[in-house]
Amino acid sequence: MTTDSTDTRAQRRKSPKKPENALVSADRAGAGLDRGFAGLAKAAGIFILIILAFVAIFLSWNSVGALYQEEEGLIIGRFLSYAWPFALGTVVVAILALIMGAPIAIAVALYISHYAPPKASKTIGYIIDLLAAIPSVVYGAWGMFVLAPAMVPLYHWLSQWLYTWPEENLGWGIPFFAGSPGLGQNIFTASVVLAVMILPIISSVCREIFIQTPKLHEEAALALGATRWEMIKMAVFPFARPGIISGVMLGLGRALGETMAVVMVVSGLGFQLSIISPGNSTIPREIALNFGETGHGTERWHQLVALGLVLFVITLAVNMVARWIVSRHKEFSGAN
Amino acid sequence: MKVASFGRAAAILSVASLALVACNGDDTENGDDNGTDENDTVDTDNGDDTDAEETDEDNGEASGDMDYSSLSGDLSGSGASSFQLAIQEWALEFPNLTAGVNVDYDAVGSGDGRANFLNGADSFAGSDALMSDEEFAQSQERCGENGAFHLPTAILPIAVGVNLEGVDSLVLDGETIAQIFAGEITSWDDEAIASLNDGVDLPDTAITVVHRQDSSGTTENFTDYLNQATDTWTWEADSEWPGEVSAETGDGSSGVISAAQSVDGAITYVDAQQAEDGGLTLVELEIGGETSAPSAEAAAQAVASSELRGGQAENDMGFELARATDEPGAYPIVQVAYTIWCNEYDSAEEAELAAGFAHYITSAEAQQIAADVAGAAPLNDDLISQAHEAISQISG
């Protein structure tokens with residue numbers, strides 16, 4: 001049944017094409033426009049690559065001063081020992097944000113596409129998209145004045161039961177929860193704020209892809225006696241997996257590069273293991289805090305640019321891994 | 001099929017988003033561009049047309065009262081945000097004395113301001129820190145062989161501000177301040193604090209240190225004071241707070257004030273005027289048995305008794321502030337905000353405009369404005385005449 005219907009559809013799609021093509025090639029002006037548009041699209045694609053290349057060249061060129069100084073020779077070790085806490089902080093914050101944000105975003109998308117009554121789903125969709133339009137400085141202010149104080153009791157509890165108590169009774173506490181939470185402005189709070197910020201991106205990408213699940217697959221699953229959840233597991237998720245991963249990577253990209261909200265929400269400088277007391281930082285925060293006051297051309301300035309390059313490489317690597325995962329799963333997506 | 005193409009679209013999107021999300025920095029507020037309309041009548045382009053008659057007139061009389069009424073054109077500067085308040089007010093007042101000058105100041109931070117000045121984008125820079133020797137060498141390329149010079153423009157006392165319930169006056173000495181900020185004293189009823197405050201009922205609240213998280217001239221001056229005047233503080237003066245003794249932070253002056261106000265027992269350092277406006281208790285500094293609050297007079301005195309640093313331009317007025325003073329009643333926690341000017345500009349007109357504005361902002365009248373709006377300590381007469389002498393060297 002299934003193959004039959006797709007075949008006929010494919011045929012139907014194909015059949016009117018032939019005369020259309022003949023018509024276009026006869027029409028000179030139309031062909032010219034077509035070529036012109038193709039060229040325009042190509043130029044747009046190349047333009048993106050050029051911009052990316054320029055950013056990469058600018059960062060690499062200006063990073064040299066952080067790795068090599070005339071009087072001292074190579075100082076890669078010094079740069080690495082300076083940069084790793086920020087690279088680690090950036091990745092930890094982004095991953096925490098993903099762990100908290102992605103499941104909720106996917107659940108929201110599922111609700112909108114498969115559970116909510118059609119009228120409500122539209123409204124909820126709009127509201128979720130609205131979240132993406134809030135400027136990050138507003139998220140930062142909210143995180144700083146509302147969320148951080150509200151999280152303090154939780155941090156006290158975590159510190160008490162995951163660090164202090166086991167430390168006293170078992171001799172070892174989890175170091176991630178050591179220390180006093182102070183104002184509650186730490187990288188954990190920042191990752192909660194980031195989780196909210198990446199929610200609309202992930203959920204709108206997922207929603208679009210969930211809606212595109214072939215009705216036939218869904219109906220087939222239901223016809224076999226699957227519950228709605230089983231149907232989603234069998235038909236929707238396999239079909240949507242590349243889209244989900246793309247959406248999550250898009251969110252991760254935002255979380256890695258977010259500056260303003262992190263600047264406002266995180267308090268303290270310097271590296272430490274605890275994620276619930278002030279301290280630790282991310283690459284964008286470090287750059288934003290120090291770039292304006294640093295004299296151009298100094299080693300410090302080059303260090304900050306080199307940090308930017310590190311972030312660039314991290315984000316590129318993350319996206320390449322994501323692409324690889326998507327391509328590996330393509331054949332199992334159920335669309336073929 | 002559709003999936004693959006959608007996935008690809010998302011892939012392109014996600015790569016494109018990298019470029020976007022990576023540059024999400026904070027925007028600095030522009031200086032207001034006031035009085036632009038007045039300028040339209042006179043066509044003065046700083047670059048090319050030089051009027052021979054205007055070239056020499058003003059340089060001669062720069063040390064006395066200067067006549068600004070023939071000046072017109074655009075003057076742009078950028079740099080430190082510390083005297084943004086003052087310079088905004090000056091930019092509003094100055095055009096009234098002239099035939100239509102438009103002054104534009106962009107508070108982009110000291111480092112960026114110096115870079116903009118050195119590469120010729122701006123006519124002057126505002127900076128909390130002095131130029132390094134490399135930067136001075138660069139300035140000789142832009143400003144002729146005499147290079148650029150610093151002009152002390154605003155002297156700002158830095159206050160140690162406290163938010164402690166039930167305590168509305170507090171005395172500390174340098175060593176105690178250093179121990180608090182280094183995290184060695186952690187409670188307000190500590191013996192070291194109590195012994196300086198007889199008769200004050202100190203609570204046993206924990207001390208929460210709040211410092212700047214962004215790199216700033218205030219931090220540089222405060223750590224310079226701690227480093228010079230105390231034994232406890234072993235870190236070098238730096239515009240970035242040492243990570244080893246990091247505590248709570250705020251972003252910018254307003255950030256540390258709001259952070260300090262949000263928790264009982266907080267202590268921070270911040271521009272005195274802003275600390276007072278923000279409702280913090282200003283700590284009085286004890287030196288040699290006498291105490292003094294951060295005040296304009298004490299700050300001006302601290303600068304007047306300091307030596308010039310020397311080693312750069314001949315008319316340079318960059319100070320080496322003497323912090324480790326044991327003079328009773330002194331208040332050495334001050335910050336000097338400089339403007340940096342060329343000794344030689346590309347055109348006579350730019351030179352004339354620059355000299356005019358430099359002269360104005362170091363005049364007694366403009367210094368009084370800065371005192372009113374920003375709590376700056378007015379330069380005393382000696383400093384003013386010295387500054388005007390330095391400005392008279394500007395040529396085009």
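Values quoted throughout were computed directly from the atomic coordinates according to the rules given, and no laboratory measurement underlies them. All values reported here derive from a predicted model rather than from experimental measurement. Cβ atoms come from the backbone with ideal geometry, glycine included; neighbour counts cover every protein chain shown.
Partner chain Cβ atoms within 10 Å, averaged over the residues of A:221-229 - can you pull that number for me?
Taking all residues of A:221-229 together, the mean is 0.
Take each uninterrupted DSSP H stretch in chain A, measure its Cα extent along the helix axis, and return the ones at 20 Å or beyond whose mean Kyte-Doolittle hydropathy is at least 0.0.
A:28-67, A:76-110, A:118-133, A:187-211, A:237-257, A:299-329
In sequence order, what are the phi-derived ³J(HN,Hα) couplings for region B:325-339 according to the Karplus relation 6.51 cos²θ - 1.76 cosθ + 1.60 with θ = phi - 60°, rounded to whole Hz, with x for glycine and proline?
Per-residue couplings from phi come out as 7, 10, 5, x, x, 6, 10, x, 8, 10, 10, 9, 8, 9, 10 Hz.
Return the FRET efficiency for the residue pair A:ASP34, A:TRP61: r is the Cβ-Cβ distance, R0 is 30 Å, and the value is rounded to the nearest 0.05.
0.15
Going by how many other beta carbons lie within 10 Å of each one, how would you line up A:LEU158, A:LEU130, fewest first?
Final ranking by Cβ density, sparse to dense: A:LEU130, A:LEU158.
Tell me, A:MET234, A:MET151 in order of fewest to most beta-carbon neighbours within 10 Å?
The order, fewest Cβ neighbours first, is A:MET234, A:MET151.
What is the distance in Å between the Cα centroid of region B:285-323 and that of region A:309-326?
One Cα centre to the other: 52 Å.
Residue by residue through B:251-258, how many Cβ atoms from other chains fall within 10 Å of the Cβ on average?
Across B:251-258, the average partner-chain Cβ count within 10 Å equals 2.
Can you report the principal axis dimensions of region B:158-298 using only the alpha carbons, biggest first, rounded to whole angstrom?
Largest first, region B:158-298 extends 38, 33, 31 Å along its Cα principal axes.
Report the far tail of the P(r) of the protein assembly as shown, meaning the percent of Cα-Cα pairs longer than 40 Å.
Tail of the P(r) past 40 Å holds 46 percent of the pairs.
Output ³J(HN,Hα) for region B:164-181: one whole-Hz value per residue in order, computed from phi by the Karplus curve 6.51 cos²θ - 1.76 cosθ + 1.60 with θ = phi - 60°, and x for Gly and Pro.
9, 4, x, 10, 10, 8, 8, 10, 9, 10, x, 4, 5, 4, 4, 5, 5, 6
Ordered by residue, what ³J(HN,Hα) values in Hz, to whole numbers, does region B:303-315 give under the Karplus form 6.51 cos²θ - 1.76 cosθ + 1.60, where θ = phi - 60° and Gly and Pro are x?
Computed from phi, the couplings for region B:303-315 are 6, 4, 8, 9, 8, 6, 6, x, x, 10, 4, 5, 9 Hz.
Taking region A:141-279, how much of its Cα-Cα pair set, in percent, is spaced more than 25 angstrom apart?
Cα-Cα pairs of region A:141-279 separated by over 25 Å account for 50 percent.
Per 5 Å bin, what is the whole-percent P(r) computed from every C-alpha pair distance within region B:266-396?
With 5 Å bins starting at 0, P(r) equals 2, 10, 16, 19, 18, 14, 10, 6, 3, 2, 0.
Using alpha carbons only, how many angstrom separate the centre of region A:94-113 from the centre of region B:213-247?
So the two Cα centres are separated by 43 Å.
Rounded to whole Å, give me the distance from the Cα center of region B:60-132 to that of region A:171-197.
If we compute the Cα centre of each part, the gap is 44 Å.
Please list, in chain and number order, the residues 5+ apart from A:ILE75 or on another chain whose amide H is under 5 Å from its amide H, with Hs placed from the backbone.
For A:ILE75, whose amide H was placed from the backbone, the distant partners under 5 Å are A:TYR68, A:GLN69.
Quick one: what does P(r) look like for chain A with 20 Å bins over all Cα pairs, in whole %?
Computed distribution, short to long bins: 23, 47, 25, 5, 0.
Please compute the length gained on full extension between B:ASP372 and B:GLU320, using 0.36 nm multiplied by the number of residues separating them and subtracting their Cα-Cα distance.
16.1 nm
Over the Cα atoms of region B:130-234, what radius of gyration and what Dmax do you get, in Å?
Final numbers for Rg and Dmax: 19.3, 61 Å.
Report, by chain and number, residues whose modeled amide H sits under 5 Å from the one on B:THR249, excluding near sequence neighbours (fewer than 5 apart, same chain).
So B:THR249 has HN proximity to A:GLY268, B:HIS211.
Set the Förster radius R0 to 56 Å, insert the Cβ-Cβ distance between A:TRP157 and A:ILE46 as r into 1/(1 + (r/R0)^6), and round the FRET efficiency to 0.05.
0.55
Sort A:LEU131, A:LEU96, A:LEU273 so that the residue with the fewest other Cβ atoms within 10 Å of its own Cβ comes first and the one with the most comes last.
A:LEU273, A:LEU131, A:LEU96
Highest GNM mean-square fluctuation, chain A, Cα pairs closer than 10 Å: which of A:GLY36, A:GLY253, A:GLY184?
Result: A:GLY36 has the largest fluctuation of those listed.
Scan around B:ASN102 for amide H atoms under 5 Å from its own, H built in the peptide plane at 1.01 Å from N, and keep only partners 5 or more places away or cross-chain.
Residues meeting the criterion, in which the H sits 1.01 Å from N, are B:GLY73, B:ASP74, B:LEU75.
How many percent of DSSP beta bridges within the protein assembly as shown run antiparallel, rounded to 5?
Beta bridges within the protein assembly as shown, antiparallel portion: roughly 60 percent.
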